[in-house]
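First, the structure itself, so that you have it in front of you.
The values are calculated or read from the model by the stated rules, or taken from the named source; none is laboratory data. What you are looking at is a predicted structure, and each value in this text was computed from that prediction instead of being measured. Cβ placement follows ideal geometry from the backbone for every residue including glycine, while neighbour counts extend to all protein chains displayed. Protein only, heavy atoms only, side chains kept; ligands, DNA and RNA dropped before computing areas. Shrake-Rupley method; radii C 1.70, N 1.55, O 1.52, S 1.80 Å.
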Amino acid sequence: MNKQQLSESLTSGFKPHVMKLRHAYAGLSDREKNSVAALTVFLLIGLAYFALWSPSISYLENARESWTRQNELLQWMRSTEGEARNASRENPSRQSGQPLLSEVSSSAARFKITPTRMQPEGEERVSVWFEDVVFNDLIKWLQMLEQQGMINVRQISIDARAEPGKVSARMVLGF
């Protein structure tokens, strides 16, 4: 089958309709033909606007907004770069990849509090129990962890002991 035969077979279903339209157009007066031509031009312009121009402009506006947001984010990141570098220097144990369990244990030792029991809960969390620990020392340790951004308290339960100023605590800590 050559191109002409293929074209004829595809358009053969439309031929009767096209012929009717041509016949109806031929029967119109010159004024009506001009109106049909003007309407056709108007419809083509409308189709071009809604099919091509409007989506292109919308895409361009979205791209500009995205670029502006990304540029603002870049500027913010550049302005806070020094703070981030300083924070990473202040917390060398986290940079070195020291496990959470070791960080909790070593930081607690600096405050002279010893966990009774520690249990890992995945790579990001650890459960820690304290028995008869000085409340003020425990709170100072937790404040230091929070302030340095090393570890966050995810859950905590503190119970008073018979001895004044001493508590038992169970907490879940995580990065």
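Quick check: the angle from helix 81-90's long axis to the longest principal axis of the chain, C-alpha only, nearest 10 degrees?
For helix 81-90, the angle is close to 30 degrees.
Go ahead and estimate [θ] at 222 nm for the chain from helices alone: -39,500 (n - 2.57) per DSSP H run with n ≥ 4, summed, over the residue count, rounded to 500.
-19000 deg cm²/dmol
About the Cα centre, and with charges only on the beta carbon of Lys, Arg (+1) and Asp, Glu (-1), how big is the dipole of the chain? Nearest 20 debye, please.
I would put it at about 700 debye.
Taking GluC sites (Glu not before Pro) that fall in a DSSP loop and have at most 13 other Cβ atoms within 10 Å as cut points, what is the longest piece of the chain between them?
Looking at the chain, 1-120 is the longest stretch - no exposed GluC sites (Glu not before Pro) with at most 13 other Cβ atoms within 10 Å.
Put +1 on the Cβ of every Lys and Arg and -1 on every Asp and Glu Cβ in the chain; which of Thr80, Trp53, Pro99 then has its Cα farthest towards the positive end of the dipole?
About the Cα centre, the residue reaching furthest to the positive side is Trp53.
Of the beta bridges DSSP finds with both residues in the chain, what % are antiparallel, to the nearest 5?
Rounded to the nearest five, the antiparallel share is 100 percent.
Follow-up question, since we're still on this one. May I ask you to derive the FRET efficiency for Leu43 and Ala63 from their Cβ-Cβ distance with R0 = 41 Å, giving the value to the nearest 0.05?
Efficiency, from the Cβ-Cβ distance: 0.90.
Any idea what angle helix 30-48 forms with the longest principal axis of the chain, computed on alpha-carbon atoms, 0 to 90 degrees, nearest 10?
Compared with the principal axis, the helix lies near 20 degrees.
Any chance you could count the Lys pairs in region 18-175 whose alpha carbons are under 24 Å apart, treating pairs 8 or more apart or on different chains as valid?
For region 18-175, the number of qualifying lysine pairs is 4.
If each residue of separation counts as 0.36 nm, what is the full-extension length gain between Asn86 and Lys33 once their alpha-carbon separation is subtracted?
11.3 nm is the gain from fully extending Asn86 to Lys33.
Please give the helix 15-26 orientation as an angle from the longest Cα principal axis of the chain, in degrees from 0 to 90, rounded to the nearest 10.
60
Determine the share of the chain's accessible area contributed by carbon and sulfur atoms, expressed in whole percent, with a 1.4 angstrom probe.
Of all accessible area on the chain, carbon and sulfur atoms account for 56 percent.
May I ask for the Rg/Rh ratio of the chain, computed from Cα atoms with Rh as the Kirkwood radius, given to two decimals?
1.57
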